[in-house]
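Heads up: the structure comes next, in structure tokens.
The values are calculated or read from the model by the stated rules, or taken from the named source; none is laboratory data. Source: prediction; values computed, not measured. So basically every Cβ, Gly included, is an ideal-geometry build from the backbone, and we count neighbours across all protein chains shown. Ligands, DNA and RNA are excluded from the accessible area calculation, which covers all protein heavy atoms including side chains. Shrake-Rupley method; radii C 1.70, N 1.55, O 1.52, S 1.80 Å.
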Amino acid sequence: MAGPSVDFWQQRFEAQDLPWDRGAASPQLAAWLADGTLASGQRIAVPGCGSGHEVLALRQAGCAPVYAIDYAPAAVALARTNLAQAGFNPPDDELLQADVLQWQPAEPLDGVYEQTCWCALHPDHWAAYAAQLHRWLRPGGRLALLGMQILRPGAAQGRIEGPPYHLDIGMLRALLPADRWIWPAPPYPAVPHPRGWTELAIVLTRR
Ligand SMILES: C[S@@+](CC[C@H](N)C(=O)[O-])C[C@H]1O[C@@H](n2cnc3c(N)ncnc32)[C@H](O)[C@@H]1O
């Protein structure tokens, strides 16, 4: 498999080297809960959940089940600890060690909260991941996407650098095509990250 391996991510968690981790849920998640994009009672997936801040916030908002998926065992363990400290003890089929390119929900979902999992995958896997996102959702389901903007100088020479990989808006339009997804009109909110990155906040509806 091209790009980072499960061992890469496992080592980052074991070393507690988590530069992407805000230490709390993204403020954009609160915005999406406030405007009804994501809501109580919805069945949500959080691919590449990491330490689980957003999983906890979704559970606290009444979303259930919240499927928290990560293939690094140390990420799943950390998320389980963080959720337990807040009084949540999800079953193994809701907080699970699995590859997002392989996992399937038992039933179609109402929403997917995608934050820094897509940009953690090598571009060789993007078409397969986009197909997964479409497969997971019911018609009318929402993809709440935070598209990492981290264009690197090497791109001008054709180099692919990351993670995090830059999620170009043209690429997103090509892999989430308008005949399968309803796109809102730009401009999209640019959510700042403490590391100096920004993420485009885009809510797509699955056709
Ligand atoms: C950059 S971190 C983001 C974690 C979390 N979403 C956040 O924003 O704090 C990427 C996460 O995706 C996980 N990941 C990467 N590739 C994956 C895959 N193919 N299947 C499942 N998890 C994956 C990594 O283990 C890591 O926890």
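I need a count of the residues in region 15-38 that are surrounded by 15 or more Cβ atoms within 10 Å (Cβ to Cβ), touching a residue at least 40 places away in the same chain (Cβ under 8 Å) and assigned to a helix (DSSP H, G or I). Result for region 15-38: 4.
Would you confirm whether or not region 55-77 contains a residue that is among the polar types (S, T, N, Q) and within 26 Å of Gly162 (Cβ to Cβ)? Checked against the condition, which is being among the polar types (S, T, N, Q) and within 26 Å of Gly162 (Cβ to Cβ), region 55-77 yields no hits at all. Each residue in region 162-196 was checked for being away from the ligand (no atom under 16 Å from the Cβ) and either in a loop (DSSP other than H, G, I, E, B) or not aliphatic (A, V, I, L, M) (or both), and 16 of them qualify.
Could you please let me know if Leu78 is within 13 Å of the ligand (Cβ to nearest atom) and under 20 Å from Leu145 (Cβ atoms)? Judged against the criteria, Leu78 is not a match.
Looking at Gln97, Gln104, Gln115, Gln157, just one residue is in contact with a helix residue (DSSP H, G or I) (Cβ under 8 Å, 6 or more places away or on another chain) and farther than 24 Å from Ser26 by Cα, and that residue is Gln104. For the condition surrounded by 21 or more Cβ atoms within 10 Å (Cβ to Cβ), farther than 20 Å from Ile202 by Cβ, under 14 Å from the mean Cα position of the chain (by Cα) and more than 11 Å from the ligand (Cβ to nearest atom), what is the one hit in Val66, Val55? Residue meeting the stated conditions: Val66. In region 94-110, the residues that are closer than 16 Å to Pro139 by Cα never reach a residue that is at pLDDT below 95 and surrounded by 16 or more Cβ atoms within 10 Å (Cβ to Cβ) with C-beta atoms less than 6 angstrom apart, at least six apart or across chains. Could you check region 4-52 and list, in sequence order, the residues that are out of contact with any helix residue (DSSP H, G or I) (no Cβ under 7 Å at 6 or more places or on another chain), near the ligand (Cβ under 10 Å from one of its atoms) and closer than 22 Å to Trp136 by Cβ? Across region 4-52, the qualifying residues are Val6, Pro47. In the condition set (1) open to solvent by 10 Å² or more (accessible area, probe 1.4 Å); (2) within 17 Å of Gly3 (Cα to Cα); (3) in contact with a strand residue (DSSP E or B) (Cβ under 6 Å, 6 or more places away or on another chain), Cys119 is compliant with all but (1).
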